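The values are calculated or read from the model by the stated rules, or taken from the named source; none is laboratory data. Please read all numbers here as calculations on a predicted model, not as lab measurements. Positions of Cβ are backbone-derived with ideal geometry, glycine not excepted, and every protein chain shown enters the neighbour counts.
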């Protein structure tokens with residue numbers, strides 16, 4: 001029997017991404033976003049919900065671009081910091097000891113210290129209420145050298161992604177429980 | 001120095017949700033979705049990208065509703081199964097041994113066996129290319145009894161969420177690395 005918790009923004013798991021933009025004065029800024037996910041395969045798109053009034057909201061509209069930076073688990077304090085303060089008052093890159101790299105593809109900076117980043121041009125947007133859903137077309141994924149898996153792609157243990165919990169804690173990704181597009185085959189009735 | 005991987009649908013972490021709908025004949029169906037995330041706070045919204053042509057795509061449009069079911073890590077094989085086969089040929093609830101519960105709030109079934117579920121009415125949608133982004137307004141979150149944390153909310157260890165990896169493996173959520181809205185305070189310069 002299930003218990004009603006009411007209408008809430010709750011989902012498992014949640015990400016904790018750093019969204020990189022240039023503000024109206026051209027200064028590099030980041031914000032933390034948990035309201036986000038992949039949205040489409042062709043073109044590859046990432047959607048990020050950002051509250052109207054946030055500096056990043058106006059920055060995305062001005063530059064029609066943003067980056068999505070995937071932190072590793074050792075960067076939880078930086079991610080938390082970037083969600084606690086505003087780029088209107090703070091130089092978050094400088095205070096967090098991060099390096100802004102100018103994207104050659106879009107008018108936005110990415111975070112050199114994050115193991116994997118996505119460079120996105122603003123593709124579509126949708127007003128939802130408190131938040132605008134910005135859909136970015138992923139023009140490129142960039143990853144640190146040495147993260148490759150022997151089987152192709154990236155090695156999850158080396159990427160060491162950060163996971164956010166609806167309860168408010170940051171976590172590492174834990175042990176594997178099965179191979180996708182494989183473990184479900186046993187359930188297919190002949 | 002970062003290496004370019006090209007335009008890819010890659011993000012860390014990814015979810016693996018079960019989307020519940022009634023098909024055009026009123027039969028309960030589920031599909032697996034990793035292209036999804038929270039999109040807005042007021043109203044609380046979840047966005048799910050679904051490929052045109054999928055049974056779930058037409059079912060959402062017909063019923064203007066869907067559920068999002070958050071599996072636990074022991075349900076990885078079921079989640080994988082639901083992504084391997086189509087509800088056009090299969091009764092996925094029956095084959096996976098799942099129970100469809102009729103939502104009292106929306107015209108969609110939820111999965112009794114998933115620890116936490118969200119009942120969504122279709123709020124807005126956006127055509128992106130291969131996928132339509134369906135934005136559901138969360139009318140209620142329902143959770144199994146006994147999942148509560150002593151501090152309020154749900155206990156992550158009891159929910160035991162399933163995480164999907166861009167490389168194709170299912171994982172558990174791992175060890176905690178800090179408290180949100182807290183560990184970042186140490187980085188704020190006075």
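Here are some notes:
- The set of residues from the range B:126-142 being touching a residue at least 60 places away in the same chain (Cβ under 8 Å), in a strand (DSSP E or B) and out of contact with any helix residue (DSSP H, G or I) (no Cβ under 8 Å at 6 or more places or on another chain) comprises B:131, B:133, B:135, B:136, B:137, B:138.
- Unmet requirement for residue A:116, which otherwise passes all of (1) out of contact with any helix residue (DSSP H, G or I) (no Cβ under 9 Å at 6 or more places or on another chain); (2) buried (at least 20 other Cβ atoms within 10 Å of the Cβ); (3) at the interface with chain B (Cβ under 7 Å from one of its Cβ atoms): (1)
- Residue among A:87, A:97 that alone is more than 9 Å from chain B (Cβ to nearest Cβ), assigned to a loop (DSSP other than H, G, I, E, B) and more than 25 Å from residue B:36 (Cβ to Cβ): A:87
- Checking the stated criteria, residue A:40 turns out not to satisfy the condition of being over 22 Å from residue B:176 (Cα atoms) and within 13 Å of the chain's Cα centre (by Cα).
- Applying the condition of being more than 8 Å from chain A (Cβ to nearest Cβ) and outside any loop (DSSP other than H, G, I, E, B) to the range B:148-176 and asking which residue is farthest from residue A:173 (Cα to Cα) yields B:148.
- Failed criterion for residue B:140 (all others in (1) facing chain A (nearest Cβ under 9 Å); (2) more than 19 Å from residue B:36 (Cβ to Cβ); (3) in contact with a strand residue (DSSP E or B) (Cβ under 7 Å, 6 or more places away or on another chain) hold): (2)
- Of all residues making up the range A:113-169, the number that are under 30 Å from residue B:148 (Cα atoms) and within 15 Å of the chain's Cα centre (by Cα): 6
- Residue B:55 vs. criteria more than 10 Å from chain A (Cβ to nearest Cβ) and either at positive phi or within 18 Å of the chain's Cα centre (by Cα) (or both): yes
- Boolean, residue B:25 is modelled with pLDDT of 95 or more, touching a strand residue (DSSP E or B) at 6+ places or on another chain (Cβ under 7 Å), farther than 18 Å from residue A:15 by Cα and surrounded by fewer than 19 Cβ atoms within 10 Å (Cβ to Cβ): no
- Failed item, numbered, when residue A:37 is tested on (1) in contact with a strand residue (DSSP E or B) (Cβ under 7 Å, 6 or more places away or on another chain); (2) within 25 Å of residue B:42 (Cα to Cα); (3) surrounded by fewer than 24 Cβ atoms within 10 Å (Cβ to Cβ): (3)
- Residues that are touching a residue at least 24 places away in the same chain (Cβ under 8 Å) and more than 18 Å from residue A:117 (Cα to Cα) within the range A:9-48 comprise A:9, A:10, A:11, A:12, A:13, A:23, A:24, A:27, listed in sequence order.
- Number of positions in the range A:15-48 that are more than 7 Å from chain B (Cβ to nearest Cβ) and part of a strand (DSSP E or B): 13
- Test: residue in the range B:60-71 that is outside any helix (DSSP H, G or I), at the interface with chain A (Cβ under 9 Å from one of its Cβ atoms) and closer than 19 Å to residue A:128 by Cα: yes
- Sub-8 Å Cβ pairs linking a first residue in the range A:60-71 that is surrounded by 24 or more Cβ atoms within 10 Å (Cβ to Cβ) to a second residue that is part of a helix (DSSP H, G or I), at least 6 apart or interchain, are A:66/A:56; A:66/A:59; A:66/A:60; A:70/A:159; A:71/A:78; A:71/A:79, ordered by first then second residue.
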